[in-house]
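Chemist: Have a look at this one.
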Amino acid sequence: QVQLVESGGGLVQVGGSLRLSCAASGRTFSSYAMGWFRQAPGKEREFVAAISWSGSNTAYASSVKGRFAISRDNAKNMVYLQTNSLKPEDTAVYYCAANRVGLVVPTPSRYDYWGQGTQVTVSS
């Protein structure tokens, strides 16, 4: 069992940055692939980024590639999402998720554990 707690969301102006954090509990965290997803009001949850257990393999949605960066610190049981050059369309609740099999995949149903989410609002 893994518990995930996101933090770091908030209100930011267009072009600004936020660093989202995800704190994970559980001894097996370092073996899981981790992902970030987001969900805007009235829309389906969508993939943002994912990272392999070692951090050597990452994947990004085309809408955030070049602006966002995912990273992890297995010694601290932490996953991060650095968000830069934020746009109004990035406004959403951002969720951290864990994949027990260790696959870097963009499909929400392939993730086994989810956090409660953190709100990111980009104002123009």
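The values are calculated or read from the model by the stated rules, or taken from the named source; none is laboratory data. Just so you know, these numbers come straight off a predicted model, no measurement behind them. Cβ coordinates were reconstructed from backbone atoms using ideal geometry, including for glycine residues, and neighbour counts include every protein chain displayed. All accessible areas refer to the heavy atoms of the entire protein, side chains included, with ligands and DNA or RNA removed. Shrake-Rupley method; radii C 1.70, N 1.55, O 1.52, S 1.80 Å.
Chemist: Restricting the search to the stretch 112-124, which residues are open to solvent by 70 Å² or more (accessible area, probe 1.4 Å) and among the aromatic types (Phe, Trp, Tyr)? Reasoning before the result, please.
Modeler: First pass over the stretch 112-124, keeping only residues open to solvent by 70 Å² or more (accessible area, probe 1.4 Å): 114, 116, 119, 124.
Trp114, the sole residue that qualifies.
Chemist: Something else now. Looking at Tyr95, is it closer than 26 Å to Leu11 by Cβ and crowded, with 21+ Cβ neighbours inside 10 Å? Reasoning before the result, please.
Modeler: Working: closer than 26 Å to Leu11 by Cβ: yes; crowded, with 21+ Cβ neighbours inside 10 Å: yes.
Here the answer is yes, as Tyr95 does meet what is asked.
Chemist: Can I ask one more? In the stretch 79-92, how many residues are open to solvent by 60 Å² or more (accessible area, probe 1.4 Å) and in contact with a Phe, Trp or Tyr (Cβ under 6 Å, 6 or more places away or on another chain)?
Modeler: Of the residues in the stretch 79-92, 0 are open to solvent by 60 Å² or more (accessible area, probe 1.4 Å) and in contact with a Phe, Trp or Tyr (Cβ under 6 Å, 6 or more places away or on another chain).
Chemist: Another question, then. Kindly indicate the residue of the stretch 98-111 that is small (Gly, Ala, Ser) and either outside any strand (DSSP E or B) or open to solvent by 70 Å² or more (accessible area, probe 1.4 Å) (or both) and also farthest from Pro41 (Cα to Cα) among those meeting that condition.
Modeler: Start the filter on the stretch 98-111 by keeping residues that are small (Gly, Ala, Ser), which leaves 98, 102, 109.
This time we only want the ones that are either outside any strand (DSSP E or B) or open to solvent by 70 Å² or more (accessible area, probe 1.4 Å) (or both), so: 102, 109.
Values: Gly102: 29, Ser109: 20 Å.
Filtering the stretch 98-111 for residues that are small (Gly, Ala, Ser) and either outside any strand (DSSP E or B) or open to solvent by 70 Å² or more (accessible area, probe 1.4 Å) (or both), the one farthest from Pro41 (Cα to Cα) comes out as Gly102.
Chemist: Turning to a different aspect of this structure: Just a yes or no: is a residue in the stretch 94-110 within 24 Å of Ser124 (Cα to Cα) and under 14 Å from the mean Cα position of the chain (by Cα)?
Modeler: Within the stretch 94-110, the subset within 24 Å of Ser124 (Cα to Cα) is 94-95.
Applying the additional criterion that residues be under 14 Å from the mean Cα position of the chain (by Cα) yields 94-95.
So far as the stretch 94-110 goes, yes, one or more of its residues are within 24 Å of Ser124 (Cα to Cα) and under 14 Å from the mean Cα position of the chain (by Cα).
Chemist: Looking only at the stretch 99-119, count every residue that is among the basic types (Lys, Arg) and closer than 16 Å to Gln3 by Cα and tell me the total.
Modeler: Restricting attention to the stretch 99-119, the residues satisfying the condition of being among the basic types (Lys, Arg) are 100, 110.
Still in the running and closer than 16 Å to Gln3 by Cα: 100.
Qualifying residue count, the stretch 99-119: 1.
Chemist: Let me ask something else. Do you know which residues across the stretch 13-50 are without any contact (Cβ under 8 Å) to a residue 12 or more places away in the chain and acidic (Asp, Glu)?
Modeler: Glu44
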